[in-house]
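What follows is one structure encoded as structure tokens, with my remarks underneath.
The values are calculated or read from the model by the stated rules, or taken from the named source; none is laboratory data. Here the structure is a predicted model, which means the values were calculated and not measured. Don't worry about glycine lacking a Cβ; one is built from the backbone with ideal geometry, like all the others, and counts go over all protein chains shown. When the accessible area is computed, the model is the full protein with side chains, heavy atoms only, and any ligands, DNA or RNA have been set aside. Shrake-Rupley method; radii C 1.70, N 1.55, O 1.52, S 1.80 Å.
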Amino acid sequence: MYLKNPSLNEILYLLETNVFSNNSFAFILIGEDSKIPLDELVNSLNNKNIKFTGGVFPKIINNNETSSTGVVIKWLPHNAISIYFDSSKTFSRQFSEFSKVTFSTAYVLTSGISSDSSEHLRSLYTYLGNDVKFIGGGAGRIKEQNEGILISNDGVFNTGTIITLTKNKATTGSLHGWTKLYGPFIATKTDKNFIKELNWENAFVVYQRFLKTILDIKINKENFEANSIHYPFGIYKESSEYIIRDPMRITEKGYLQCVGNIPENSVIDLMTMKEEDFKSVSKNLVYQSIDTKFKINDVLIFNCISRKNHLNNDFYLELSNLTEEIKSTQKKVNLEGALSIGEIYSNGEGYPEILNKSIVLGFSYLDKNAN
């Protein structure tokens, strides 16, 4: 359900009228320019005994449009459980009472700029393994960095991770269309999501040199964001897509801060996106993600805010193509979700990753035998 610019009372009314449904756990995605007071929202929903989780994102997606004031509400099964945690120990302690329950799908919201998010995802995989499909995104605000970005029945949080687990069947897919431009480089010194050295030299110096050599782009600290958004790094993965890492800022020492961790001594390449690869993403992603044997209940998308900034107007063409692909077989299903600061994905074959400049798509299903 998409709401263009709702008031707090509108949201409370909609959530309260659905509370007796079998699908009565609210998963709420909020645009950063929404005027909804998070503390009041959390307190009101707790007073009404409504179970929920959610996050604040730069923009909300509704079919082929985006809005910074919009809100998307997805309904999950009433028996879904959620856990907020800020460390592996906290998650382990809280998950212990559910350790014998078999879950199928995990909806994960985390702080998009936190250096701990990758560690949090590895903790989830330790306890949930390959039996669970993961879909989610990095929450956060572009304009204000010190306000709450995650919400649940436990409160409002500026950082950390919230996982919502259900037994219902979902399928997930992810694509980005980026290909190797130049490399390889070795990330010879890193610290979580900071690249300190490339090929045993200062990371920014190497990045600056190769953009000048390969593309004749003179990059400095003043124009870094305007240029780096088009030339991310890719961590090579055998038999799968590269994991994209966005260099989003330079520290005073010339370290490159990325969204998501970079393992030390990992092999990385400088990436680019070709027109033919961009055009194929929408159709291939829907084909990869959907299970046509079951009746679709809903679709959820997390699409990277920096992907939008890279593609500009082509971003909306891509959203239109995705919407058209989905509605060609599921006319009543709307493409809804968020522009995120990093995307979270696993199709159940390996640990969940934080992605950059990527699209993550998830379908949930009505078929009760698929739980």
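At a Förster distance of 25 Å, what's the computed FRET efficiency of Asn47 paired with Asn5, Cβ-Cβ distance as r, to 0.05? Mind dumping the intermediate values first?
Numbers: r = 24 Å, r/R0 = 0.97.
For R0 = 25 Å, the calculated efficiency reads 0.55.
Between exposed chymotrypsin sites (Phe, Trp or Tyr not before Pro) in the chain, where DSSP calls loop and at most 15 other Cβ atoms lie within 10 Å, what's the longest gap? Could the numbers behind the result be given before it?
Numbers: sites that count: Phe20, Trp200, Tyr236.
Counting at most 15 other Cβ atoms within 10 Å as exposed, the longest clean stretch of the chain is 21-199.
Residue-wise HN-Hα couplings along the stretch 152-165, as the Karplus relation 6.51 cos²θ - 1.76 cosθ + 1.60 with θ = phi - 60° gives them from phi, are 7, 4, 7, x, 10, 10, 8, 8, x, 9, 10, 10, 10, 10 Hz; Gly and Pro carry x.
In square angstrom, what is the accessible area per residue of the chain with a 1.4 angstrom probe? Write down the numbers at each step before the final one.
On the way: 16570 Å² over 371 residues.
Result: 45 Å² of accessible area for each residue.
Taking all protein chains as they are arranged and a probe of 1.4 Å, the heavy atoms of Asp277 leave approximately 40 Å² accessible to solvent.
Note on the chain: dipole from Cβ charges, positive end direction compared against Ile186, Tyr365, Leu45; the farthest Cα belongs to Tyr365. The HN-Hα couplings worked out from phi for the stretch 49-64 by the Karplus form 6.51 cos²θ - 1.76 cosθ + 1.60 (θ = phi - 60°) are 6, 9, 7, 6, 9, x, x, 9, 10, x, 8, 10, 9, 9, 6, 9 Hz, whole numbers, x standing for Gly and Pro. Taking all protein chains as shown and a probe of 1.4 angstrom, Leu366 keeps an accessible surface of around 90 Å².
Between the entries (1) 62, 44, 40; (2) 67, 57, 39; (3) 53, 48, 45, the label attached to Cα extents along the principal axes in Å calculated for this structure is (1).
Look at the dipole of the chain built from charges on Cβ: of Asn297, Gly136, Val72, the Cα furthest out on the positive end belongs to Asn297. For the pair Lys283 and Ile186 in one chain, pulling the backbone fully straight at 0.36 nm per residue adds 31.6 nm over the alpha carbon distance.
Using a 1.4 Å probe over the heavy atoms of the protein chains, calculate the carbon and sulfur portion of the accessible area of the stretch 54-98 as a whole percent. Walk me through the numbers before you get to the answer.
Working: 740 of 1670 Å².
Using a 1.4 Å probe with all protein chains present, the stretch 54-98 comes out at 44 percent carbon and sulfur.
For the stretch 222-346, a simple Cβ point-charge model (Lys and Arg +1, Asp and Glu -1, everything else neutral) yields a dipole of about 460 debye relative to the Cα centre.
So how far, in whole Å, is the C-alpha centre of the stretch 162-197 from the one of the stretch 36-55? Their Cα centres are 31 Å away from one another. Computed from Cα atoms, the angle from the helix 8-17 axis to the main principal axis of the chain rounds to 50 degrees. Sequence-ordered 3J(HN,Hα) estimates for the stretch 327-338 from the Karplus curve with 6.51, -1.76 and 1.60 and θ = phi - 60° stand at 6, 5, 10, 10, 4, 8, 9, 9, 7, 9, x, 8 Hz, glycine and proline given as x.
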